[in-house]
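Working notes for the structure below.
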Amino acid sequence: MYNSFFITRLKRRLFPYLFVIKPLSKIAVLILVLLLFFKAVSPVLTKISQFKNLIFYMVGNNNGTIKQENNYTNIIIMGIGGGVRDGANLTDTIILVNLNIKNKTANLISIPRDLWIEDLQAKINTAYQTGETKKKGVGIILAKATTEQVTGLPVQYGLIIDFNAFEKLVDMVGGVDVEIENSFEDDAYPIEGKETDLCGKTEEEAAKATDQNIAEILPCRFEKVIFTKGKMHMDGKTALKFVRSRHAKDDEGTDFARSERQIRLIEAIKNKVVKPEVFLNPSFITKIANDLKDDIHTDLTTSQMFSLAKKFSNINISTINRYTLDMGTQDKPGLLINPPVADYGAWVLIPRSGNFAEIHRQIKSFLGQ
């Protein structure tokens, strides 16, 4: 479609921007991941498809061979708190993206952060942190291996997104408008920088704090956040509180509710990012690439990132199915149960059958394999 002479001249004219290509590739994958959540593709993307395809052709070309098995590629996406706080590498969000390379379709499998992993003797949300503690770069390897154990699927790649990336991006686009479906209050939202504050207690008194009573024993570490049903304009800090709140007293305190809120924030960000004045602004794209390059970690190469973005940029969003591992309801029990806290020393989830075999069967059935 584009001859080599034209491509060479265009690359030379764009030379001043080429230093951002590698970090920009990470942003391309992030935007691709965001698009996988949406119910409809923005008409704006259709209008700029020729420009988009040209960019993918230039920097992705034919060097991004993707690992796959039986035409499927699986990518584990994990959201971390980041920063210098305790537990910065614990994963708040864990989603397996199942991509059919041949048919260009996708499925999402949500895994709860409290799922107990016997080999780790800890929850699955510690896998990335455990690996990184041993050696930088091992976190993604361990996270992939642990996900394979849970799902029974080979996991080719990992993508770690620091939640601070969302905060920065929201502020960069001037804030976002988010529809809050249910009002909720959280009396125990952690205050950054206060993670080790003793709140006037002795170290012995502080040591008695558990996940269940820590807000009562060490109240200075937490603040109260309130969100009221309806549309709200959010800056980065408010948006981050909205998606990370875990201690609401009603259903909004569940991991499933948090996942839904994260999707609504992602859609709000998408609505801003795909506007022509943002998406087609070189200086803005360069700023995004530079500001977010340290907040996204992956074992995908630059070529592979652009190859995936090129293959799935026009995916039919309505074909994406979602499966959640959970406890279900009383009328329709799920595949997980919550054992007594005394058994594991914490609130955890385990397979109701005692191992992951039943989960493997159900996931393969969901994927039609």
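Here are some notes:
- Among the residues listed as 80, 140, 101, 109, the single one being modelled with pLDDT under 90 and crowded, with 22+ Cβ neighbours inside 10 Å: 80
- Where a residue in the range 325-351 is among the acidic types (Asp, Glu) and its partner, wherever it lies, is at pLDDT below 95 and part of a helix (DSSP H, G or I), with Cβ under 8 Å and at least six apart: 326/255; 326/256
- For the condition at pLDDT below 95, out of contact with any strand residue (DSSP E or B) (no Cβ under 6 Å at 6 or more places or on another chain) and under 23 Å from residue 193 (Cβ atoms), residue 129 qualifies.
- Just one of the listed residues (133, 146) is surrounded by fewer than 18 Cβ atoms within 10 Å (Cβ to Cβ), among the hydroxyl-bearing types (Ser, Thr, Tyr) and without any contact (Cβ under 8 Å) to a residue 60 or more places away in the chain, and it is 133.
- The set of residues in the range 170-194 being buried (at least 17 other Cβ atoms within 10 Å of the Cβ) and out of contact with any strand residue (DSSP E or B) (no Cβ under 9 Å at 6 or more places or on another chain) consists of 172, 173.
- Of all residues making up the range 143-187, the number that are more than 17 Å from the chain's Cα centre (by Cα) and within 30 Å of residue 71 (Cβ to Cβ): 8
- Among (1) open to solvent by 40 Å² or more (accessible area, probe 1.4 Å); (2) among the acidic types (Asp, Glu); (3) not in a loop (DSSP other than H, G, I, E, B) - the single one residue 358 does not satisfy: (1)
- Residue 200 vs. criteria outside any helix (DSSP H, G or I), in contact (Cβ under 8 Å) with a residue 40 or more places away in the chain and more than 30 Å from residue 139 (Cα to Cα): no
- For first residues located in the range 293-310 and surrounded by fewer than 19 Cβ atoms within 10 Å (Cβ to Cβ), partners that are at pLDDT below 75 and not in a helix (DSSP H, G or I) and lie 6+ apart or on another chain with Cβ distances below 8 Å form the pairs 301/64; 303/61; 303/63; 303/64.
- Of the criteria (1) farther than 26 Å from residue 267 by Cα; (2) open to solvent by less than 40 Å² (accessible area, probe 1.4 Å); (3) not basic (Lys, Arg), which one residue 159 fails: (1)
- When restricted to residues that are polar (S, T, N, Q) and open to solvent by 40 Å² or more (accessible area, probe 1.4 Å), the range 112-130 contains 3.
- Subset of the range 237-254 [surrounded by fewer than 19 Cβ atoms within 10 Å (Cβ to Cβ) and touching a residue at least 24 places away in the same chain (Cβ under 8 Å)]: 237, 241, 246, 247, 249, 250, 251, 253
- With a requirement of 1 or more residues that are at pLDDT 80 or above, the helices (runs of 4 or more DSSP H) lying completely within the range 254-351 that satisfy it span 255-273, 302-312, 341-344.
The values are calculated or read from the model by the stated rules, or taken from the named source; none is laboratory data. If you're wondering where the values come from, they're calculated on a predicted model, not measured in any experiment. Every residue, glycine among them, receives a Cβ derived from its backbone with ideal geometry; neighbour counts consider all protein chains shown. Only protein heavy atoms, including side chains, enter the accessible area calculation; ligands, DNA and RNA are left aside. Shrake-Rupley method; radii C 1.70, N 1.55, O 1.52, S 1.80 Å.
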